[in-house]
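The values are calculated or read from the model by the stated rules, or taken from the named source; none is laboratory data. Keep in mind it's a predicted model, so treat the numbers as computed, not measured. Note that we place each Cβ from the backbone using ideal geometry, even for glycine, and neighbour counts take in every protein chain shown. Keep in mind that these areas ignore ligands, DNA and RNA; they rest on the heavy atoms of the full protein, side chains included. Shrake-Rupley method; radii C 1.70, N 1.55, O 1.52, S 1.80 Å.
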Amino acid sequence: LIEKNVADSPLKKEILDLYDQYTHIMPGMTAPTPPLKDINGNTHTFAEFKGKVLVVDVWATWCSSCLAKMPHYMQLRDEYKDNPDIEFITLSIDRRKVTDKWKSAIAKRNMGAMLNLIPDTDEASEFECQYYVMGIPRYIVIDKNGKIVTAYAPPPSQELKEIITRTLNANQ
């Protein structure tokens with residue numbers, strides 16, 4: 001629409017460039033799968049969860065809004081605990097130098113029953129760059145085929161539950 005209906009200008013070019021930048025994380029695109037570490041130092045990627053709906057909570061130990069919403073995310077996870085077709089993951093964007101603080105937050109908040117991941121770097125991670133993480137908390141839903149349903153899901157709520165339900169019921 002922009003290409004056809006907006007006159008050529010520097011702003012039009014900027015908007016189209018920005019659109020192109022986000023194209024690879026739009027719904028239906030294959031989810032990027034950068035390597036991430038769990039609390040024991042094992043490497044994981046989103047690709048290993050193909051066949052399951054993946055619900056990701058992107059957070060950090062320094063983010064008060066993230067910490068305030070985490071109990072709601074865990075409650076949502078508990079609602080689906082008996083469903084083998086879904087995986088809830090937390091993904092911290094904390095830096096390597098505060099790994100101990102991250103591990104402590106997981107223990108303190110009783111988050112050990114789910115997979116907790118971290119990029120394990122002291123700079124902007126591959127994950128942050130590929131998913132354009134500019135603010136947190138952020139929620140991502142990936143379908144059973146490894147395709148992005150939404151890279152900007154709503155926080156834990158009825159709306160997110162509806163997205164999860166639709167995604168679980170797709171292709172059945």
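With K and R counted +1 and D and E -1, the other residues having a Cβ less than 14 Å from that of F46 yield a net charge of -1.
Order M29, M111, most accessible first, counting only protein heavy atoms with a 1.4 angstrom probe. Write out the running numbers ahead of the final one.
On the way: M29 75, M111 0 Å².
Result, largest first: M29, M111.
Relative to the longest principal axis of the chain, what angle (0 to 90°, nearest 10) does the C-alpha long axis of helix 64-79 take? Relative to the chain, helix 64-79 is tipped by roughly 70 degrees. Report summary: the helix-based calculation at 222 nm, which adds -39500 (n - 2.57) for every DSSP H run with n ≥ 4 and divides by the residues of the chain, gives -10000 deg cm²/dmol. Loop-located chymotrypsin sites (Phe, Trp or Tyr not before Pro) in segment 1-67 (DSSP state other than H, G, I, E, B) with a sparse environment of at most 16 neighbouring Cβ atoms within 10 Å: W62. How many percent of the alpha carbon pairs in the chain exceed a separation of 23 Å? When every Cα pair of the chain is considered, 42 percent fall beyond 23 Å. For the chain, take the longest principal axis of its alpha carbons; what is the angle in degrees between that and the long axis of helix 99-108, to the nearest 10 within 0 to 90? Roughly 60 degrees, rounded to the nearest 10.
Within the accessible area of segment 59-104, the carbon and sulfur atoms contribute 49%, probe 1.4 Å, all protein chains present. Solvent exposure of R95, expressed as accessible area, is near 60 Å², computed with a probe of 1.4 Å over the protein chains only. A cut-off under 11 angstrom between Cβ atoms defines the neighbours of R77, and their net charge, with Lys, Arg +1 and Asp, Glu -1, is -3.
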